[in-house]
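A quick write-up on the structure given underneath.
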Amino acid sequence: MKLINKIMKKMKKTIKQSIYTFLLICTTLVFTGCDLEVQESFVFDPQTKPQFTFGATTPWEWLQTNPKGEYSYMIKAIKHAGLEAEFSNTTDKRTYFLLKDSGWSDASKVNTVLNREFGSQTILIEDTDPVKLRNILMYYILPVYVDQGPGNLKTLDAFYEFKTLSSDPGNTYLTLDRDWNYSIGINYAPGLSPNALGTRCKLHNYIFSNGNSVAHIIETHTRLEIFK
């Protein structure tokens, strides 16, 4: 009986010590938690630094090298629309969105230029309306310099409107946003037309024309309205 009482006393002591330790930890967390510094909502990502700088090379000169064979449609479209000079601009500030071949025609994708704007994945660029094609390409150009950093897209998950060079009445502007990792999104702003197509840039900050222009690579067609 004495042994049992001894064991019970020891157990009670152990339980009291455990409760005391638990309460001490809780009290410490409450008082020290108030002194913690507010953490930043995001950390600047090193990917916002220019990825590729091409000196005096223009976007048109770069495209004609057809990197990885992914810009054949873009090259043909620029020639068919007569926009070689616009993509060779060396003095005016410009932002270009360069569309890979998969964004022009791809049987596995619905939102391609040829499918959405010309009704066929197999139509030849040479058989498309050059005026309409010109407006599509000019929609991918902004008359300002917008890189991936916070200079223009200052607030996380906010939507900014930028004028395009397109004269198509339904596509005179586009919206840009950036996520926590500074990835640029195009035409994801709420309230846009049901016909709007959004996309996120695949690669950012290709610097051309001695720093006067910047290009971002996209893989899917984007717009506000169906081009006329």
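The values are calculated or read from the model by the stated rules, or taken from the named source; none is laboratory data. If you're wondering where the values come from, they're calculated on a predicted model, not measured in any experiment. Because the Cβ atoms are built from the backbone with ideal geometry, glycine has one as well, and the counts that use them run over all protein chains shown. Ligands, DNA and RNA are excluded from the accessible area calculation, which covers all protein heavy atoms including side chains. Shrake-Rupley method; radii C 1.70, N 1.55, O 1.52, S 1.80 Å.
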Order 169-180, 189-200 from most to least packed using the mean count of other Cβ atoms within 10 Å. 169-180, 189-200
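Kindly identify region 59-218 as rounded, prolate or oblate by the Cα gyration tensor criterion: order the square roots of the eigenvalues as a ≥ b ≥ c, call it rounded if a/c is under 1.5, otherwise compare a/b with b/c, prolate if a/b is larger, else oblate.
Numbers: a/c = 1.57, a/b = 1.21, b/c = 1.30.
Oblate shape, in that a/c is at least 1.5 and b/c is the bigger or equal ratio.
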For His221, residues with placed amide H under 5 Å, excluding near neighbours: Val113
Probe of 1.4 angstrom, ligands and nucleic acids ignored: what's the accessible area per residue over region 59-218, in square angstrom? 42
For His204, the residues 5 or more places away or on another chain with a placed amide H closer than 5 Å to its own amide H are Ile217
